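Notes to accompany the following structure.
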Amino acid sequence: MPPTIRKLTSRIGALVEGVDLAAPHNPSTITALRHAVNEHKAIVFDNVDLDNAAQERVAGWFGDLTTAHPNVPAADGTTNVLAVDGETSKANEWHTDVTFVLNPPQLTTLRSIVTTPYGGETLIANAAAAYRDLPEPLRALADSLRVVHTNQYDYARPSATTAQRQEYDRVFVSTPYETEHPLVRVHPLTGERGLFIGGFAKRIVGLSSSESAELLRIFQSYVTRPENILRWTWAPHQLLIFDNRITQHYGVDNYDDHPRRLNRVTVAGDVPVGVDGHRSEQLVGDASHYSTVLEVAA
Ligand SMILES: [Fe+2]
């Protein structure tokens with residue numbers, strides 16, 4: 001039986017049913033799931049019974065795993081799991097995961113471990129729809145621009161308010177990385193164009209920091225239009241997979257001091273390519289310990 005795919009909004013998100021994630025590797029299932037990710041950008045599985053090893057195994061259906069993070073150590077007893085924990089960090093800013101390295105993850109998987117009695121949603125935005133919404137002159141401008149992404153991103157971030165969060169931030173930035181990416185990335189599997197910016201995007205090449213901030217704000221306003229967003233409310237035993245090449249996400253900090261924990265496993269990605277065929281270039285740092293480079297056939 002092929003999986004049942006039920007759309008959650010017109011532009012992003014689908015619920016997948018009829019897949020046994022505990023079953024062995026099955027090429028036709030994986031093809032169906034890849035197709036669903038390509039089309040819907042974010043897919044959710046309800047009532048899953050996975051532990052860390054099983055989450056790693058499912059993520060591995062889509063490619064090589066990255067380690068947990070270039071700078072942040074893996075969760076205890078794992079090599080590939082990053083603890084997304086409200087105690088240490090609140091990802092309440094729009095971002096695409098790890099875009100400060102040359103080849104950011106192609107996919108992110110998040111599994112609910114501790115959910116909150118209210119709030120704590122994850123928002124996921126369709127950056128391809130955002131690109132299509134741009135008026136033609138802005139699209140042409142976007143196509144021509146390159147952007148430097150960095151993990152030294154204190155300029156835009158809410159400052160840490162506890163010692164634990166300050167320590168997490170210190171480790172997060174401990175080794176600097178900078179990469180120049182095209183502002184518009186061509187998806188290697190679908191050919192779709194998407195705005196490739198988010199919280200680690202620091203400045204547009206050739207522009208001043210204030211000009212960069214103004215222009216990035218305009219492009220970002222298209223990503224975060226409500227129509228482009230899936231707002232996912234977590235329950236226990238759920239797995240979310242989103243295409244990190246063509247989305248941004250945001251963890252809403254609206255759950256007071258309740259504990260919240262998701263376990264994240266990411267899949268190694270390719271080097272982004274712009275509409276002119278120009279690839280991304282690492283400017284600072286070497287993240288080869290973090291991720292293999294996925295080669296995508298042209
Ligand atoms: Fe994230």
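For this structure, a couple of remarks:
- Selection count where residues are without any contact (Cβ under 8 Å) to a residue 40 or more places away in the chain and either open to solvent by 30 Å² or more (accessible area, probe 1.4 Å) or of a type outside the set (A, V, I, L, M) (or both), scope region 35-72: 7
- Residue list for region 176-197, restricted to those being out of contact with any Pro (no Cβ under 7 Å at 6 or more places or on another chain) and assigned to a loop (DSSP other than H, G, I, E, B): P176, L183, H187, P188, L189, T190, G191, E192, I197
- Residue match in region 224-242 (condition: among the acidic types (D, E), open to solvent by 10 Å² or more (accessible area, probe 1.4 Å) and within 16 Å of the ligand (Cβ to nearest atom)): no
- Flag for P272 being more than 16 Å from the ligand (Cβ to nearest atom) and touching a His at 6+ places or on another chain (Cβ under 9 Å): yes
- Given (1) within 30 Å of V296 (Cβ to Cβ); (2) in contact with a strand residue (DSSP E or B) (Cβ under 9 Å, 6 or more places away or on another chain); (3) of a type outside the set (A, V, I, L, M, F, W, C); (4) open to solvent by 50 Å² or more (accessible area, probe 1.4 Å), number of the condition H149 does not satisfy: (4)
- Test for G285: is it open to solvent by less than 10 Å² (accessible area, probe 1.4 Å), in contact (Cβ under 8 Å) with a residue 12 or more places away in the chain and farther than 29 Å from A53 by Cα: no
- Scanning region 122-133 for residues that are within 15 Å of the ligand (Cβ to nearest atom) and not β-branched (V, I, T) gives L123, A125, A127.
- Qualifying residue in region 230-240 (condition: polar (S, T, N, Q), touching a residue at least 60 places away in the same chain (Cβ under 8 Å) and either on the phi < 0 side of the Ramachandran plot or assigned to a loop (DSSP other than H, G, I, E, B) (or both)): yes
- Total residues in region 73-121, condition of a type in the set (V, I, T) and either touching a Cys at 6+ places or on another chain (Cβ under 7 Å) or within 12 Å of the ligand (Cβ to nearest atom) (or both): 6
The values are calculated or read from the model by the stated rules, or taken from the named source; none is laboratory data. Treat the numbers as computed from the prediction; the structure is a model and nothing was measured. For neighbour counting, all protein chains shown are included, and Cβ atoms are generated from backbone atoms with ideal geometry for every residue, glycine included. Ligands, DNA and RNA are stripped out before the accessible areas are found, and what is left, the full protein with its side chains, is counted by its heavy atoms. Shrake-Rupley method; radii C 1.70, N 1.55, O 1.52, S 1.80 Å.
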